[in-house]
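The values are calculated or read from the model by the stated rules, or taken from the named source; none is laboratory data. Note that the structure is a prediction, hence the values are computed from the model and not measured. Note: ideal-geometry Cβ built from the backbone for every residue, glycine included; neighbour counts use all protein chains shown.
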Amino acid sequence: MKKELLKSRIMYGCDIEEFKASVKKSMTYRFSGGGMVVASLMSDAQELMARDDVERASWALNKAKALLFDIMEDKMSLQPAEELTYTRM
């Protein structure tokens, strides 16, 4: 396993670049924006802490921070990338 991938798995519990790519394809990111994804990860971390799962809570917070850094560097959008449109039937 490459050194960077090993570091990523220790810090994030996954390959962070694959995670970011999957976030960018997600419905939540596309229609609610990066802010909602970050908030969701933070909420997950709270739930994990309540269950004494410190390692997974740390991974969730580290993922949220990684996404925030990408948002701050304009690699991701805080706001929705697409607008939801409704049609009446």
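For segment 19-35, which positions are without any contact (Cβ under 8 Å) to a residue 24 or more places away in the chain, within 11 Å of the chain's Cα centre (by Cα) and assigned to a helix (DSSP H, G or I)? Correct list: ALA21, SER22, THR28.
Quick grid of which residues meet (1) within 11 Å of the chain's Cα centre (by Cα); (2) charged (D, E, K, R); (3) modelled with pLDDT under 95:
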| residue | (1), (2), (3) |
| --- | --- |
| VAL37 | yes, no, no |
| ASP52 | no, yes, no |
| ALA57 | no, no, no |
| ASP70 | yes, yes, no |
| GLU73 | no, yes, no |
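Contact map, segment 60-81: residues that are in contact (Cβ under 8 Å) with a residue 40 or more places away in the chain paired with residues that are surrounded by 19 or more Cβ atoms within 10 Å (Cβ to Cβ) and in a loop (DSSP other than H, G, I, E, B), Cβ distance under 8 Å, separation 6+ or inter-chain. Pairs shown: LEU67/MET76; ASP70/MET76; SER77/GLY33; LEU78/GLY33; GLN79/GLY33; PRO80/GLY33; ALA81/GLY33. Note on segment 36-57: residues that are of a type in the set (Asp, Glu), assigned to a helix (DSSP H, G or I) and either touching a Phe, Trp or Tyr at 6+ places or on another chain (Cβ under 8 Å) or surrounded by fewer than 16 Cβ atoms within 10 Å (Cβ to Cβ) (or both) total 2.
PHE31: surrounded by 12 or more Cβ atoms within 10 Å (Cβ to Cβ), in contact with a Pro (Cβ under 8 Å, 6 or more places away or on another chain) and either on the phi > 0 side of the Ramachandran plot or not acidic (Asp, Glu) (or both), yes or no? Spell out how you get there, then give the answer.
On the way: surrounded by 12 or more Cβ atoms within 10 Å (Cβ to Cβ): yes; in contact with a Pro (Cβ under 8 Å, 6 or more places away or on another chain): yes; either on the phi > 0 side of the Ramachandran plot or not acidic (Asp, Glu) (or both): yes.
Yes: the conditions hold for PHE31.
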